[in-house]
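Engineer: First the structure, then my questions, so here it is.
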Amino acid sequence: MFLKGKIALVTGSTSGIGLACARALAAEGAAVMLNGFGDAGEIEAIQQELEDASGALARYNGADLTRPDQIEKLIGETIDELGGLDILINNAGMQHVAPIDEFPPEKWDLIIALNLSAAFHAIRLALPGMKAKGWGRIISTASAHSLVASPNKAPYVAAKHGIAGLTKAVALEVAQAGVTVNCISPGYVWTNLVESQVPDTMKARNLTREQVMNDVLLAAQPTKQFVTVDQVASLALFLCRDDASAITGANLSMDGGWTAQ
Ligand code: NAD
């Protein structure tokens with residue numbers, strides 16, 4: 001259990017990639033602050049599962065990360081209740097699919113707030129403690145869309161390219177402070193987020209469900225396999241190891257070959 005004594009915050013960890021990351025960190029002994037929306041009973045069960053696995057605390061804070069004031073409370077509560085913050089995984093994200101000239105401006109603002117600005121706020125608030133300790137790990141879930149674009153996803157693509165840039169800039173600022181800053185860029189991972197964009201894509205492109213799955217989602221993924229949440233979590237866990245201390249400012253693709261094309 002190489003993360004015994006470490007404290008992690010995983011945003012958007014009530015489902016999908018974030019939940020898999022929370023489980024992977026707890027399995028190595030980390031105390032975990034969960035965040036995201038969901039059913040109170042299910043979240044309590046996850047907390048219990050994590051505590052049983054880690055032998056450390058697991059807490060939950062339902063902060064809405066589109067709201068900077070709530071991010072500030074989330075970071076403060078993590079430090080107060082768990083005793084610090086060593087590993088920050090910026091993972092919460094949302095998607096909306098529409099052509100740019102029909103994109104609702106309020107959706108643009110929400111996607112930029114959640115998928116980009118929330119990482120800025122969490123990083124700026126988490127860093128002082130990491131620098132003081134001389135150890136920290138900041139990992140953001142970017143996307144293949146941090147490197148390439150798809151139509152009808154302008155704010156998501158803009159935010160994820162922003163995460164890649166933010167990662168590089170912060171990595172340079174803290175390069176000598178014992179803190180590494182990286183992002184992971186998965187291709188299509190089968191989660192609620194992907195499932196929920198199928199109907200919008202069907203509408204936007206006038207396709208059947210099967211056509212969206214095969215001709216849109218997996219069209220760009222040469223392996224023709226969805227990435228799994230556990231594969232992403234394994235890479236995040238590796239980045240927490242001392243063996244990964246030379247990896248910083250990196251944007252690590254895990255996309256079945258998508259961005260090799
Ligand atoms: P998901 O829908 O399963 O999880 C999203 C999480 O974010 C949930 O816990 C949800 O409650 C939380 N969340 C949503 N809005 C929030 C808000 N305002 N405040 C706080 N939490 C909020 O989706 P996922 O696929 O696991 O997505 C996780 C991350 O991975 C996202 O940043 C997404 O862009 C990225 N990603 C996903 C894929 C994919 O194919 N699924 C590919 C590349 C990148």
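The values are calculated or read from the model by the stated rules, or taken from the named source; none is laboratory data. In this text, all values refer to a predicted model and were calculated from it rather than measured experimentally. Cβ: placed from backbone, ideal geometry, glycine included. Neighbour counts: every protein chain shown.
Engineer: Looking at Ala30, Ala24, Ala63, which one is within 13 Å of the ligand (Cβ to nearest atom) and either farther than 16 Å from Phe2 by Cα or buried (at least 17 other Cβ atoms within 10 Å of the Cβ) (or both)? If you could, list the steps in order and put the result at the bottom.
Structural biologist: On the way: Ala30 fails: within 13 Å of the ligand (Cβ to nearest atom); Ala24 fails: within 13 Å of the ligand (Cβ to nearest atom).
Matching residue, one of Ala30, Ala24, Ala63: Ala63.
Engineer: Could you please find all residues in the range 141-154 being more than 8 Å from the ligand (Cβ to nearest atom) and either among the aromatic types (Phe, Trp, Tyr) or closer than 20 Å to Thr11 by Cβ (or both)? Break it down stepwise before answering.
Structural biologist: Taking the range 141-154 first, the residues more than 8 Å from the ligand (Cβ to nearest atom) are 146-154.
Within the range 141-154, just Ser146 meets the criteria.
Engineer: A further question on this structure: Pick out the one residue from Thr180, Thr191, Thr167, Thr201 that is over 14 Å from Val216 (Cβ atoms), at pLDDT below 95 and of a type outside the set (D, E, K, R).
Structural biologist: Working: Thr180 fails: at pLDDT below 95; Thr167 fails: at pLDDT below 95; Thr201 fails: over 14 Å from Val216 (Cβ atoms).
None of the others qualify; the one that does is Thr191.
Engineer: Residues of the range 87-109 being near the ligand (Cβ under 8 Å from one of its atoms) and over 11 Å from the mean Cα position of the chain (by Cα), which ones?
Structural biologist: Correct list: Gln95 only.
Engineer: Does Gly134 count as in contact (Cβ under 8 Å) with a residue 12 or more places away in the chain, touching a Lys or Arg at 6+ places or on another chain (Cβ under 9 Å), surrounded by fewer than 16 Cβ atoms within 10 Å (Cβ to Cβ) and not polar (S, T, N, Q)?
Structural biologist: Details: in contact (Cβ under 8 Å) with a residue 12 or more places away in the chain: yes; touching a Lys or Arg at 6+ places or on another chain (Cβ under 9 Å): no; surrounded by fewer than 16 Cβ atoms within 10 Å (Cβ to Cβ): yes; not polar (S, T, N, Q): yes.
Considered against the rule, which asks whether it is in contact (Cβ under 8 Å) with a residue 12 or more places away in the chain, touching a Lys or Arg at 6+ places or on another chain (Cβ under 9 Å), surrounded by fewer than 16 Cβ atoms within 10 Å (Cβ to Cβ) and not polar (S, T, N, Q), Gly134 comes out as no.
Engineer: Checking His121 against (1) of a type outside the set (Lys, Arg); (2) at pLDDT 95 or above; (3) under 17 Å from Val10 (Cβ atoms); (4) surrounded by fewer than 20 Cβ atoms within 10 Å (Cβ to Cβ), only one condition comes out false. Which one?
Structural biologist: Just one mismatch for His121, condition (4).
Engineer: Across the range 175-190, which residue is farthest from Ile17 (Cα to Cα) among those that are away from the ligand (no atom under 16 Å from the Cβ) and surrounded by fewer than 20 Cβ atoms within 10 Å (Cβ to Cβ)?
Structural biologist: Checked the range 175-190; the qualifying residue farthest from Ile17 (Cα to Cα) is Gln176.
Engineer: Looking at the range 33-57 only, could you name the residues that are surrounded by 15 or more Cβ atoms within 10 Å (Cβ to Cβ) and either under 30 Å from Ile112 (Cβ atoms) or more than 16 Å from the ligand (Cβ to nearest atom) (or both)?
Structural biologist: If the condition is that a residue be surrounded by 15 or more Cβ atoms within 10 Å (Cβ to Cβ) and either under 30 Å from Ile112 (Cβ atoms) or more than 16 Å from the ligand (Cβ to nearest atom) (or both), then Met33, Leu34, Asn35, Gly36, Gly38, Ile43, Ile46, Glu51, Ala53, Ser54, Ala56, Leu57 are the ones that fit.
Engineer: Evaluate the range 158-169: report whether one residue or more is within 11 Å of the ligand (Cβ to nearest atom), hydroxyl-bearing (Ser, Thr, Tyr) and either over 15 Å from Ala8 (Cα atoms) or surrounded by fewer than 20 Cβ atoms within 10 Å (Cβ to Cβ) (or both).
Structural biologist: Just the residues of the range 158-169 that are within 11 Å of the ligand (Cβ to nearest atom), to begin with: 159-160, 163.
Remaining after also requiring hydroxyl-bearing (Ser, Thr, Tyr): none.
So far as the range 158-169 goes, no, none of its residues is within 11 Å of the ligand (Cβ to nearest atom), hydroxyl-bearing (Ser, Thr, Tyr) and either over 15 Å from Ala8 (Cα atoms) or surrounded by fewer than 20 Cβ atoms within 10 Å (Cβ to Cβ) (or both).
Engineer: Which of the residues spanning the range 191-213 are over 21 Å from the mean Cα position of the chain (by Cα) and either β-branched (Val, Ile, Thr) or within 15 Å of the ligand (Cβ to nearest atom) (or both)?
Structural biologist: Scanning the range 191-213 gives Pro199, Asp200, Thr201, Thr208, Val212, Met213.
Engineer: Show the residue pairs meeting these rules: Cβ distance below 6 Å; 6+ apart or different chains; first residue within the range 146-173 and charged (D, E, K, R) and part of a helix (DSSP H, G or I); second residue modelled with pLDDT of 95 or more and surrounded by fewer than 20 Cβ atoms within 10 Å (Cβ to Cβ).
Structural biologist: If the second residue must be modelled with pLDDT of 95 or more and surrounded by fewer than 20 Cβ atoms within 10 Å (Cβ to Cβ), the pairs left are Lys168/Gly249.
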